[in-house]
Amino acid sequence: MDREFYAEYSQIEDTHWWFRGRREIFTRILAPFANGPRLRILDIGFGTGAMLTFLSRYGSVVGMDMSVDAVRFARERCDRPMLLGDITQVPLATASLDLVTAFDIVEHVDDDAAALAELARVCRPGGHVLLTVPAFQFLWGNQDVISHHKRRYTLADLEGRVRTAGFVPRRLSYFNALLFPVVAAVRVARRLRGEPKGEIKSDFTMTKPGFVNDTLTRVFAAEGRLLTRWRLPVGVSIVCLAERQA
């Protein structure tokens, strides 16, 4: 992520519908862990730190990011331990973690297979990884450029990579499905007429706090109930909870 966007994200992570709705979806997916033993958790690519606070309800959380700017902004939000490191070379012991999370991180890596293999190394047998990645290459747009993405995925793409790394998917689905038609229409229209020249702006600037933001939060969060029962056929993103095999 470009440095100038850390300041923007630090201001909106607590309020913007996309971040709020996504946390509600994760709460549904992680419900089986809520009342169990405290987990040893690593959150890779913690951005400005909101997810470190969120994940602390499930156990002891350590964050890892490649960016000094991420650490600086996250320090203003929480006091969880933070490491500087690369997803392909995690500085932690083999089989030392119960849960590894990487939210919109794997798509940044040139060798995503090596990244997933490293997550499998640090995750104990029977432990879990929770991933999100952007879906469908035809949705490529400014947000991918800002975020320095290498690719977008289909369910089959991600499932194959996860299984090869040594995980078995327990929950795998597209999400942000209810808003998919609108997002797809906007992204495709932009590409057909040409992306705007000059300064690239984040898609997050399109929605301000207020009634629309709150409504979109409820719409997005409602998918959490669906994802615990069914695999959604389309969506702007993919979520995967997978178990590490022995």
For region 42-54 the number of residues that are more than 19 Å from THR217 (Cα to Cα) and surrounded by fewer than 24 Cβ atoms within 10 Å (Cβ to Cβ) is 3
Please tell me if LEU179 is at pLDDT 95 or above and under 25 Å from ARG28 (Cα atoms). no
I'd like to know if region 72-81 contains one or more residues that are on the phi > 0 side of the Ramachandran plot and not charged (D, E, K, R). no
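Check whether at least one residue in region 109-132 is modelled with pLDDT under 95, over 26 Å from GLU243 (Cβ atoms) and surrounded by fewer than 20 Cβ atoms within 10 Å (Cβ to Cβ), and report yes or no.
No, there is no match, as no residue in region 109-132 is modelled with pLDDT under 95, over 26 Å from GLU243 (Cβ atoms) and surrounded by fewer than 20 Cβ atoms within 10 Å (Cβ to Cβ).
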How many residues does region 77-105 contain that are within 12 Å of MET51 (Cβ to Cβ) and in a loop (DSSP other than H, G, I, E, B)? 5
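The values are calculated or read from the model by the stated rules, or taken from the named source; none is laboratory data. Note that the structure is predicted; figures quoted are calculated from it, not measured. When we count neighbours, we look across all protein chains shown, and the Cβ atoms used for this are built from the backbone with ideal geometry, even at glycine.
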